[in-house]
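Take a look at the structure below.
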Amino acid sequence: MTDIGAGITPGLWHRLYSGKTFPVLTILLSILILWYAGAVYMNSDRLIDQYERNKTDWDMEILIEDAWSMERPILPAPQQIVVELIDTVLGKNITSKRSLVFHAWITLSSTLLGFAFGTILGIILAVGIVHVQTLDRSLMPWIIASQTIPILAIAPMIIVVLGHLGLTGLVPKAIISMYLCFFPITIGMVKGLRSPDILQLDLMKTYSASSSDVFWKLRIPASIPFLFTSLKVAVAISLVGAIVAELPTGAIQGLGARLLAGSYYGQTIQIWSALVVASFMGMFLVWAVSLAEKATLRQMGGQTA
Amino acid sequence: MFSCMPSSIARTLPETQRDAVVEIEKLNLTFPAPDAPVHALSDIDLTIEAGDFVSFIGPSGCGKTTLMRVIADLETPTDGHISVNGMSPAEARLKRAYGYVFQAPALYPWRTVLKNVMLPLEIMGLSKQEQRSRAAKNLALVNLEGFEKKFPWQLSGGMQQRVSIARALAVEPDLLLMDEPFGALDEITRDHLNEQLLQLWDQTKKTVVFVTHSIPEAVFLSSKIVVMSPRPGKIIDIIDSGLPRDRTLDIRETPEFLEISHRVREGLRSGHSYDD
Ligand SMILES: Nc1ncnc2c1ncn2[C@@H]1O[C@H](COP(=O)(O)OP(=O)(O)O)[C@@H](O)[C@H]1O
Ligand SMILES: [Mg+2]
């Protein structure tokens, strides 16, 4: 028994020490320590004011305790956010407006729709650019220019114009999300569709292959690794787009709306928990795309871009 | 012995054009370059008849690949005349007149071995069943049974090249253009494939154009050996081999074989002394 135990323990320690776990945990611990210290530092001014106005006796211990449990702190302590998260994620009916799951779902749906729109638009633009020479010259400058205009300036306009056309709710938000996320897809796909080398193209020529054969049997498969690289970037951006789109609409639903409402009313804990949910959603989306990427590329012989 | 056309058709053609698969006259090709244009092919005259096995031999950069690419309509000559099957190379290419084996395997990495060989057959619109059976047959011919489901990166360079040979053979073209197909192979595989290719040529009466660096390979395989020299790329000797069509590797020991080898070597040597 002891032999086995002795055999496992050093192995485990070794893995922790030489793998990623140990460094990641160290960083996490450092962040937590800094965070708790920061919470005391940021919140102490208001607390001390309060103590002096109410003429209460206070010492360091009381100050720290209060700083980590304020109702509207400048910087909430991590455990306050965790409590809020548990309450609003698990503690509420998910159809209720007070449930974060509900708000997350609203944002997720416009993210996914925007991502789908952006993927389709991005691919169509790329195909046009690669196959029609005039589009290459005429379209590309516009596409690049579209990304230099700050989205926050355009978003209200899109909402107003689409609202006038009778489009409200999910679609305008998805379109703003699309506006942000199609760009990396276009760039990646243009690169991917142009990635076949001269030899691979010459081979098609010797078969006197039609341009649709060249497209479907050579350009498209060659572009798949490039497409996935862009999709991973695009899906994270489309989440940002969906959140940004909720701000000018004055939406009352969605993570963006929670951020906005939180900042109106100084509900910092609410802001932070919406932020945490948004981060996890972003990570989840990128992870899901990576998973699809791995499965697809394995199917295609394990090539990489 | 050379004709595979019905004699009635052959008789109606003018004497000089009969059975000519490739006819090249006074052909020149210069690659444009701002500083120094490369005169890759200079005054090439060559006729390849149906059923010929023609080898291009010569040092690197003498234009062997370029000449082959001109025949395949992958390169356009600067001036001169060339016809393939009595047509322009472009027309011949559109009619899928030839199969081409590139110097590099040029396999598609996302396709399995079997799917790579099926690629041209898919494009030709053959039935799935026909695609599969032709691909399997030609993979067997190059000794690659059992590798159908592998991806190219799982194969050695030599095996990849054999896949590309199977891919060209699966098209079953009357004209086979092969650019140093066996360059990456070991001696034993090379001997084996040389014999296979020779058998195929003898049995199917295909016309083969073959690029090689190896004198024994050229002499063993060819009915006609074209010796080339570089800068500018030109033909310095065309040797009609009198060796019988059905040969075995043993022929490499015969005086006739050695005599032809000697003449090829002399040609190559004289080509070299031009610039070195
Ligand atoms: N696409 C090209 N552009 C410019 N020069 C080329 C090109 N292809 C080949 N050449 C030049 O033409 C000459 C003949 O090349 P190549 O036909 O490949 O020779 P070989 O196959 O006999 O080794 C070389 O000098 C080579 O550098
Ligand atoms: Mg070459």
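Of note:
- Rolled with a 1.4 Å probe across the full set of protein chains, the surface gives A:SER69 an accessible area near 80 Å².
- Portion, in percent, of the accessible area of the protein assembly as shown that falls on carbon or sulfur, probe 1.4 Å: 63
- For region A:80-119, the convex hull drawn through the C-alpha positions has a volume of 64 cubic angstrom per residue.
- Region B:114-202 gives an Rg/Rh value of 0.95, both radii derived from C-alpha positions and Rh following Kirkwood.
- Counts of other chain beta carbons within 10 angstrom of each beta carbon in peptide A:200-212 average 6.
- Area buried, chain B against chain A - accessible surface, total, 1.4 angstrom probe, square angstrom: 2000
- Listed peptides A:54-65, A:119-130, B:74-85 by packing density, highest first (mean Cβ within 10 Å): A:119-130, B:74-85, A:54-65
- At q = 0.10, 0.12 Å⁻¹ the log10 of I(q)/I(0) for region B:138-276 amounts to -0.38, -0.54, computed by Debye summation with a single uniform scatterer per C-alpha, solvent ignored.
- A:VAL160, B:VAL117, ranked by accessible area, largest first (probe 1.4 Å): A:VAL160, B:VAL117
- Antiparallel bridges, percent of DSSP beta bridges restricted to the protein assembly as shown (to nearest 5): 55
- For chain B, the spread of Cα positions along each principal axis, largest first, Å: 50, 48, 43
- Amide H within-cut-off set for B:GLY80, under 5 Å, with H built and near neighbours excluded: B:ASN28
- Note on region B:16-121: Rg/Rh from Cα positions, Kirkwood definition for Rh, rounded to two decimals, is 1.01.
- Surface/4 of the Cα convex hull for region A:143-203, nm²: 5.8
- Peptides B:206-217, A:30-41 ordered by packing proxy, namely the average of other Cβ atoms within 10 Å per residue, highest first: B:206-217, A:30-41.
- Remark: mean inter-chain Cβ contacts per residue of B:106-113 equal 6, using a 10 Å Cβ-Cβ cutoff to other protein chain atoms.
- Rg/Rg_globular for region A:29-146, with Rg_globular taken as 2.2 N^0.38 Å and Rg from C-alpha atoms: 1.87
- Phi-based couplings in Hz for region B:230-246 (Karplus 6.51, -1.76, 1.60; Gly and Pro marked x): x, 6, x, x, 8, 8, 10, 7, 10, 10, 8, 7, x, 5, x, 5, 8
- Peptide B:121-128, shielding by other chains (average Cβ, 10 Å cutoff): 2
- Binned Cα-Cα distance frequencies in region A:2-74 - 5 Å width, integer %: 3, 14, 16, 13, 9, 8, 7, 8, 8, 6, 5, 2, 1, 0
- Two-site FRET efficiency, A:GLN133 against A:ILE62, from Cβ-Cβ distance with R₀ of 45 Å, rounded to 0.05: 0.05
- Our summary of shape: the Cα atoms of the protein assembly as shown have principal axis extents of 119, 76, 53 Å, ordered from largest down, in whole angstrom.
- Greater than 31 Å apart at Cα, pairs in A:LYS217/B:LYS234; A:LYS217/B:LYS224; A:LYS217/B:LYS137; A:LYS191/B:LYS137; A:LYS20/A:LYS173: A:LYS217/B:LYS234; A:LYS217/B:LYS224; A:LYS191/B:LYS137; A:LYS20/A:LYS173
- Kirkwood-based Rg to Rh ratio, region A:100-299, C-alpha trace: 1.06
- Across region B:177-190, computed HN-Hα scalar couplings (Karplus, 6.51 cos²θ - 1.76 cosθ + 1.60, θ = phi - 60°) run 9, 10, 9, 6, x, 9, x, 8, 9, 6, 3, 6, 4, 4 Hz from first to last residue, x flagging Gly and Pro.
- Heavy atoms of the protein chains alone define the surface here; on that basis the protein assembly as shown has 51 Å² accessible area per residue at 1.4 Å probe size.
The values are calculated or read from the model by the stated rules, or taken from the named source; none is laboratory data. All values derive from a computational prediction rather than experimental measurement. Cβ coordinates were reconstructed from backbone atoms using ideal geometry, including for glycine residues, and neighbour counts include every protein chain displayed. Keep in mind that these areas ignore ligands, DNA and RNA; they rest on the heavy atoms of the full protein, side chains included. Shrake-Rupley method; radii C 1.70, N 1.55, O 1.52, S 1.80 Å.
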